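What follows is calculated from the coordinates using simple rules that are stated; it is not laboratory data. Remember, it's a predicted structure, so these values are computed and weren't measured experimentally. Positions of Cβ are backbone-derived with ideal geometry, glycine not excepted, and every protein chain shown enters the neighbour counts.
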Amino acid sequence: MVVFTINDLSINCEETKTILEAKQEIIKKLDLACKYIDISFVLDKPMRVLGKFNVEPGRLARTLDRHTLDKFAFKDSVQVTYEVINDYDPSVKKPLMSGGMGRGMGRGRGMDRAAYKPPVSSFDHTSLQQDMKLEPVYDLESNDDFPTLG
């Protein structure tokens, strides 16, 4: 159980919840009229546990919203401050490439993905085929294949 402390209010969150769900729980408990908040940790020194995300003083990056609380090095209750964000909606997924003409999209230089046809090769691959000679098979127990050296 992770305990977030805001002023004198303590908010308990299960470790199976994500950071985003914990932020939504904070919004609900404080009766805020916004969709998203940024949280900042107020700590004297960082919390560190081997194999987990360090919890350091300052604002938590939004990219960590999808991770569950058990992946962080929370030890005791954590003093938190928040900042109301009105121009960000976490439910809206933005595409990585705007316009769809970026690298890896297969539509560069005006080519459409559905209209692309691979080039046809006129090279004759059968002209370079060679016959392989098989190596003889030896019997390891045979005196004819492996005579004694004495």
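Pairs of Lys residues in the chain are counted when their Cα atoms are under 25 angstrom apart and they lie 8 or more places apart or on different chains; the count is 29. log₁₀ I(q)/I(0) of the range 2-85 at q = 0.12, 0.14, 0.17, 0.19 Å⁻¹, via Debye over equal Cα point scatterers, no solvent, to two decimals? Values, matching the q order: -0.30, -0.42, -0.63, -0.80.
Residues of the range 55-87 falling in the label zone of Leu9, defined by backbone nitrogen less than 16 Å from a point 7 Å along Cα to beta-carbon, are 78-85. For the chain, the longest principal axis of the alpha carbon atoms and the long axis of helix 19-30 meet at an angle near 10°. Taking Lys and Arg as +1 and Asp and Glu as -1, the other residues whose beta-carbon sits under 11 Å from that of Tyr36 total -2. Specify which labelled value, from [x] 1.46; [y] 1.00; [z] 0.95, agrees with Rg/Rh (Cα atoms, Kirkwood Rh) derived from the coordinates of the model shown. Given [x] 1.46; [y] 1.00; [z] 0.95, the structure-derived one carries the label [x]. Count the net charge of all other residues whose Cβ sits under 15 Å from the Cβ of Arg62, scoring Lys and Arg as +1 and Asp and Glu as -1. That sum, taken over residues with Cβ under 15 Å, equals 0. Looking only at the range 49-69, which residues have a backbone nitrogen under 15 Å from a spot 7 Å from the Cα of Lys17 in the C-beta direction? Hits in the range 49-69 for Lys17 at 15 Å: 65-69.
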